[in-house]
Amino acid sequence: MPSLNVMALNDKNLKSLPNNVIVPKYDRKLVKTGIVHVGVGGFHRSHQAFYTDEYMGHTGDLRWGICGVGLREADRKMKDILENQDYLYTLMVKHSDGRIENRVIGSLTNFLLGCDNPQVVIDKMAADETKIVSLTITEAGYNYNPATGEFNFDNPDVKHDLAHPEAPRLVFGYLVAALKQRKEAGKVPFTIQSCDNIQHNGDVTRKILVAYARELDADLALWIEREVSFPNAMVDRITPVTTPSDIEYLRSEIGLEDKWPVTCEKFLQWVIEDRFSQGRPDWDKVGAQFVPDVTPYETMKIRLLNAGHTVLGMLGSLHGYKTIDECVRDPVFAEFLTKFMDEEVTPVLPPLEGIDLSAYKSTLLERFGNPNIKDALSRICLDSSSKVATFLVPTVVENLKRKGEFRLSALTIAAWCYYSAMHADQAGNALEVNDAMADELHELARQPSEGIPAFLTVSSIFGDLPKHEGFVADYNSFVDGLFANVEVKSLMQSVLQVVQ
Ligand code: CS2
């Protein structure tokens, strides 16, 4: 068999790529940069950058190219790879029937690295042509206490940034410096658009940014509060971590050399509040929805999909599973997830007019079961201290208020305690731990679980949960069971028997 001619991904080669690779339908040389995006990971590249690529191809409106921004040294690899590929990358959409659709995305126009030169990034955000600064900085990146909503001023990087506003390390310093430039030049501000899984992500961003700015300049803080738009949004597309075999597949099966493609599911959703002070792409022309109030959509998504992931992530990890699809193929896990959604989450969701919740939940089971997605539990369990606080605890709190069911969540949190204490599954195999609070949680999780369990006293995560005797009693008995090596799956089965 003749060997496949392998082509490097770059502008020059775009026209000669194999026919089965979809390429941008617009002239990239004509694209202007209207968006600066901080946090160019897999999710941004499978979601906002995809929508924008589709939008530019569909409408020919080329004002909305995206300048990617990374702030830390850890982002250099992405910058170098994208730079080498003229900011092109392949999106590998993995259908559940095994089909893979390969599409080159052209909406990124540049990539700047803040740690190399903060002023260049600040100037780019402050530039007239920048209409939107969008963020995918992960839930943990917001540096706030999810239980109180307060910004964490104790973070050493925040202290650094307040002392050196011209050379910040964190995104808040960049945004405030750029907004200050705009204000001083008598210009209107850009819109700040959060794309993270946080309830009311725009409102949260406004609150913490204003609190931060107030420490530097009270007038500026007031101006930000009054003038800057922070639309809330719900974002959704499952985007697993790219593996070496994805890169190899493109090379050997397609003949395309891409050093960092992105894989994702077919499904995608973006529901956005239409509050953009300086215009925006009509992303609704390519499937996004603009609505006056995003609350019901975001609550539904975060508490069902993201929390569902956390439930499977914790319990599945202890059991020794590695991926989400492996979990949902196990009938006990599938039933546990379904009961969690039906008995704990659904009763405390706000009214969801016009949304078929049962259909949404069955779609979730299908999406989780996509055998080609192989979404690693290690990805799901990363940064759990932020995720549990944002995805799961609000549901428990509501149920405690209304005397609702909470035992499935309690077992999930008990599994997280075991995970944090042992950094291993129940068979003793090491588990990856990647969390800013890992050391603290490790210490607390190892303390005996009599009375008020130490693990639950982390108030930024659990708020008042330790005050609820019923919750604590169930939680303690699950923790005892797990540490006595009762298999997590049999604890799940016993919960399923009592929860009707
Ligand atoms: C996941 C999300 O990080 C997580 O724990 O639940 O990344 C999830 O895959 C996305 O929000 C899907 O839209």
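The values are calculated or read from the model by the stated rules, or taken from the named source; none is laboratory data. This is a predicted model, so every value here is computed, not measured. With ideal geometry, Cβ positions are generated from the backbone for all residues, glycine too; neighbour counts draw on all protein chains shown.
Name the residues in the range 54-90 that are of a type in the set (A, V, I, L, M, F, W, C) and in contact (Cβ under 8 Å) with a residue 12 or more places away in the chain, would you? Passing the criteria: 56, 62, 64, 66, 67, 69, 71, 78, 81, 82, 88. Just one of (1) more than 26 Å from residue 179 (Cβ to Cβ); (2) charged (D, E, K, R); (3) within 21 Å of the chain's Cα centre (by Cα); (4) crowded, with 17+ Cβ neighbours inside 10 Å fails for residue 77. It is (4).
Filter the range 124-135 down to the residues that are within 16 Å of the ligand (Cβ to nearest atom) and more than 20 Å from residue 158 (Cβ to Cβ) and list them by number. First the steps, then the outcome.
Residues of the range 124-135 that are within 16 Å of the ligand (Cβ to nearest atom), as a first pass: 134-135.
Result: 134, single match.
Screening residue 184 with (1) under 18 Å from residue 38 (Cα atoms); (2) over 21 Å from the mean Cα position of the chain (by Cα) gives one miss only, at (1).
For the range 103-124, the set of residues classified as of a type outside the set (A, V, I, L, M, F, W, C) and out of contact with any helix residue (DSSP H, G or I) (no Cβ under 6 Å at 6 or more places or on another chain) consists of 103, 109, 110, 116, 117, 118, 119, 123, 124, listed by residue number. Considering only residues in the range 363-383 that are in a helix (DSSP H, G or I) and among the charged types (D, E, K, R), the one that is surrounded by the fewest Cβ atoms within 10 Å (Cβ to Cβ) turns out to be 366.
Residue pairs whose Cβ atoms lie under 6 Å apart, separated by 6 or more positions or on different chains, with the first residue in the range 109-127 and farther than 14 Å from residue 73 by Cα and the second of a type in the set (Gly, Ala, Ser) and not in a strand (DSSP E or B), are 121/114; 122/177; 122/178; 125/178; 126/178.
Quick one: in the range 44-83, of everything that is acidic (Asp, Glu) and closer than 12 Å to residue 31 by Cβ, which residue is farthest from the ligand (Cβ to nearest atom)?
Filtering first and then ranking leaves 61.
Report yes if residue 390 is within 16 Å of the ligand (Cβ to nearest atom), of a type in the set (Val, Ile, Thr) and not assigned by TED's automatic domain parsing to the domain that holds residue 43, otherwise no. When the stated conditions are applied, residue 390 passes them. Annotation: of all residues in the range 11-41 being surrounded by fewer than 23 Cβ atoms within 10 Å (Cβ to Cβ) and either outside the structural domain of residue 83 (by TED's automatic domain parsing) or within 16 Å of the ligand (Cβ to nearest atom) (or both), the one that is nearest to residue 171 (Cα to Cα) is 39.
Hey, among 340, 333, which residue is assigned to a helix (DSSP H, G or I), aromatic (Phe, Trp, Tyr), assigned by TED's automatic domain parsing to the domain that holds residue 387 and surrounded by fewer than 24 Cβ atoms within 10 Å (Cβ to Cβ)?
The conditions single out 333.
Restrict the check to the range 244-259 and report whether at least one residue is closer than 30 Å to residue 92 by Cβ, of a type outside the set (S, T, N, Q) and within 16 Å of the ligand (Cβ to nearest atom). Taking every residue of the range 244-259 in turn, none turns out to be closer than 30 Å to residue 92 by Cβ, of a type outside the set (S, T, N, Q) and within 16 Å of the ligand (Cβ to nearest atom). Suppose the filter is in contact with a Gly (Cβ under 8 Å, 6 or more places away or on another chain), closer than 21 Å to residue 258 by Cβ and surrounded by fewer than 19 Cβ atoms within 10 Å (Cβ to Cβ); does residue 84 pass it? For residue 84, the condition - in contact with a Gly (Cβ under 8 Å, 6 or more places away or on another chain), closer than 21 Å to residue 258 by Cβ and surrounded by fewer than 19 Cβ atoms within 10 Å (Cβ to Cβ) - is not met.
Highlighted here are the helices (runs of 4 or more DSSP H) found entirely within the range 384-500 that include at least 1 residues which are surrounded by fewer than 16 Cβ atoms within 10 Å (Cβ to Cβ): 393-401, 438-445, 459-462, 469-483, 488-498.
Close Cβ contacts (under 9 Å, 6 or more residues apart or on different chains) running from residues in the range 27-53 that are closer than 25 Å to residue 376 by Cβ to residues that are of a type in the set (Lys, Arg) and in a strand (DSSP E or B) comprise 50/103. If you go through the range 367-387 and pick out every residue that is more than 15 Å from the chain's Cα centre (by Cα) and within 10 Å of the ligand (Cβ to nearest atom), you end up with 3.
Report, by residue number, each residue of the range 269-324 that is more than 16 Å from the ligand (Cβ to nearest atom), more than 12 Å from residue 232 (Cβ to Cβ) and free of Cβ contacts under 8 Å to residues at least 24 places away in the same chain. Listed by number, the list holds a single entry, 284.
All of 129, 139, 150 fail the test of being within 20 Å of residue 186 (Cα to Cα) and charged (D, E, K, R), apart from 129.
Go through the residues of the range 237-255 one by one and say whether even a single one is part of a loop (DSSP other than H, G, I, E, B), within 30 Å of residue 50 (Cβ to Cβ) and among the charged types (D, E, K, R). Break it down stepwise before answering.
In the first step, residues of the range 237-255 are kept if they are part of a loop (DSSP other than H, G, I, E, B); the result is 237-243, 255.
With within 30 Å of residue 50 (Cβ to Cβ) added as a condition, the list becomes 237-243, 255.
Then drop every residue that is not among the charged types (D, E, K, R), which leaves 237.
Yes, some residue in the range 237-255 is part of a loop (DSSP other than H, G, I, E, B), within 30 Å of residue 50 (Cβ to Cβ) and among the charged types (D, E, K, R).
Whether a residue is in a helix (DSSP H, G or I), under 26 Å from residue 201 (Cα atoms), within 16 Å of the ligand (Cβ to nearest atom) and of a type in the set (Val, Ile, Thr) was assessed, and residue 346 does not pass this test.
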